[in-house]
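Novice: Please read through the structure below; I'll follow up with questions.
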Amino acid sequence: MPVIEIEHLTKDYGHHRGIFDVSFNVEKGDVYGFLGPNGAGKTTTIRHIMGFSRPQQGHTLVNGRRSWDHAADIQKELGYLPGEIALPESLTGTQFIKMMAELRGITDMTYTQSLVKKFALDPSGSLKRMSLGMKRKLAIVTAFMHDPAVLVLDEPTSGLDPMMQALFIEFIKEQKAKGKTILISSHIFSEIDATCDKISIIKDGRLISSFVADDLRHQESKTYEIEFKSEVAFQRFELEVKAEPELEVLSLTPSKRQTILRIRDTDINRFISFIADYDMKFFSEIKFTLEDYFMKFYDRNTSLKEGE
Ligand SMILES: Nc1ncnc2c1ncn2[C@@H]1O[C@H](COP(=O)(O)OP(=O)(O)OP(=O)(O)O)[C@@H](O)[C@H]1O
Ligand SMILES: [Mg+2]
């Protein structure tokens, strides 16, 4: 049984806002990346998982229980880091940690103290005067102090400096190694790339792509950029490549005598022997990154069809 199940989840806020027929599962031990541009529906989906919001259609389950019907238990058990953190301003950080420990029934503070140390949190000051980054660290410590088995993180590294972001990525990896199940929404490609096993992309309230991250990392084709030494060589290439169906020409730039080609790994020998016949100025592989893939979906003009 998946730890988190989202089935046909719909919440229509009107004017095409909201989330529509969203479905995906997070299996035990997975780190699941949930990506999408601003306003795509990440927070709305996550709030349903946590039982803060009631679905109009469909449902979300956590360990087989419907979020809305078991909201109190789910909110108590899960490690939830909200996108926007609201903390009681009248308290100091230390008082807030104590309050959360009591709420959670934690008496042994050893693990909590280790988190405070790990994230270099100074909880002594009042929440009113704490910097945004310090507040986020406090939220991190209090979200994970009970060492939850399931972590739901809504843009966890926003507001953290680069050092802290790196530390947080390490923390996610440690949690994964401990067998935790983690759902993480983010805009930051590198942190998704560094941590996630599976990824879903949401846009305009609809899931447009779900995939296993490794499948994308180990693509079966590669992209090469070539510049020819002379116009004659470029023109001959332009003509002769048409008879080579396995060489996919992505672009031709006559003014620079350049071309970009995509070749399946299985056709690489054929490609090398074909191209060796031309006078080239340079030849290089264009490294494909997850970011290139994601950017396609961030483009406003990319339609649903192209995204699939
Ligand atoms: N309570 C609400 N009432 C009306 N509209 C809402 C409500 N909550 C969210 N929306 C709308 O639903 C859409 C999805 O919002 P959501 O906050 O889930 O996006 P998001 O992917 O988390 O964006 P961001 O990356 O900016 O955090 C947006 O168009 C938003 O304006
Ligand atoms: Mg959000």
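Novice: Would you check which residues across the range 262-297 are over 15 Å from Glu220 (Cα atoms), loosely packed, with under 14 Cβ neighbours inside 10 Å and β-branched (Val, Ile, Thr) and list them?
Specialist: Passing the criteria: only Ile272.
Novice: Okay, moving on. Exactly one condition in (1) assigned to a helix (DSSP H, G or I); (2) out of contact with any helix residue (DSSP H, G or I) (no Cβ under 7 Å at 6 or more places or on another chain); (3) buried (at least 17 other Cβ atoms within 10 Å of the Cβ) is not met by Leu153; state its number.
Specialist: Of the numbered conditions (1) assigned to a helix (DSSP H, G or I); (2) out of contact with any helix residue (DSSP H, G or I) (no Cβ under 7 Å at 6 or more places or on another chain); (3) buried (at least 17 other Cβ atoms within 10 Å of the Cβ), the odd one out for Leu153 is (1).
Novice: Right, next: Does the range 213-223 contain any residue that is at pLDDT 95 or above and basic (Lys, Arg)?
Specialist: no
Novice: Determine whether Leu9 is under 18 Å from Gly205 (Cβ atoms), within 16 Å of ligand 2 (Cβ to nearest atom) and either outside the structural domain of Ala177 (by TED's automatic domain parsing) or over 19 Å from the mean Cα position of the chain (by Cα) (or both).
Specialist: Yes: the conditions hold for Leu9.
Novice: So, in the range 29-43, of the ones that are within 13 Å of ligand 2 (Cβ to nearest atom) and closer than 13 Å to Val152 by Cα, which residue ends up surrounded by the fewest Cβ atoms within 10 Å (Cβ to Cβ)?
Specialist: Among them, the one singled out is Thr43.
Novice: Being at pLDDT 95 or above and among the β-branched types (Val, Ile, Thr) is the filter here, so list the residues in the range 242-258 that pass it.
Specialist: None; the set is empty.
Novice: Please verify whether the range 21-28 includes one or more residues that are assigned to a strand (DSSP E or B), modelled with pLDDT of 95 or more and within 16 Å of ligand 2 (Cβ to nearest atom).
Specialist: yes
Novice: Hey, another quick one. Are there any pairs, at least 6 apart or on different chains, whose C-beta atoms fall under 6 Å, with the first in the range 53-69 and over 17 Å from Val3 (Cα atoms) and within 16 Å of ligand 2 (Cβ to nearest atom) and the second among the basic types (Lys, Arg) and not in a strand (DSSP E or B), and if so, which?
Specialist: Close Cβ pairs (under 6 Å, with a partner that is among the basic types (Lys, Arg) and not in a strand (DSSP E or B)) amount to Ser53/Arg47.
Novice: Is it fair to say Phe24 is within 13 Å of ligand 1 (Cβ to nearest atom) and either closer than 15 Å to Val212 by Cα or of a type in the set (A, V, I, L, M) (or both)?
Specialist: Here the answer is no, as Phe24 does not meet what is asked.
Novice: On to the next question. Mind listing just one residue for me: the one in the range 70-123 that is closer than 16 Å to Pro156 by Cα and touching an Asp or Glu at 6+ places or on another chain (Cβ under 7 Å) and, of those, surrounded by the most Cβ atoms within 10 Å (Cβ to Cβ)?
Specialist: Leu81
Novice: Does Leu160 count as part of a strand (DSSP E or B) and surrounded by 13 or more Cβ atoms within 10 Å (Cβ to Cβ)?
Specialist: no
Novice: Do you know which residues across the range 249-290 are more than 24 Å from Asp215 (Cα to Cα), out of contact with any Asp or Glu (no Cβ under 9 Å at 6 or more places or on another chain) and of a type in the set (A, V, I, L, M, F, W, C)?
Specialist: The answer is Ile272, Ile275, Ala276.
Novice: Output the qualifying pairs, or none if there are none: Cβ atoms under 6 angstrom, residues six or more apart or on different chains, first residue in the range 95-123 and outside the structural domain of Thr157 (by TED's automatic domain parsing), second residue surrounded by 14 or more Cβ atoms within 10 Å (Cβ to Cβ) and modelled with pLDDT under 95.
Specialist: none
The values are calculated or read from the model by the stated rules, or taken from the named source; none is laboratory data. Model, not experiment: these values are computed from the prediction. In this analysis, Cβ positions are derived from the backbone assuming ideal geometry, glycine residues included, and neighbour counts consider all displayed protein chains.
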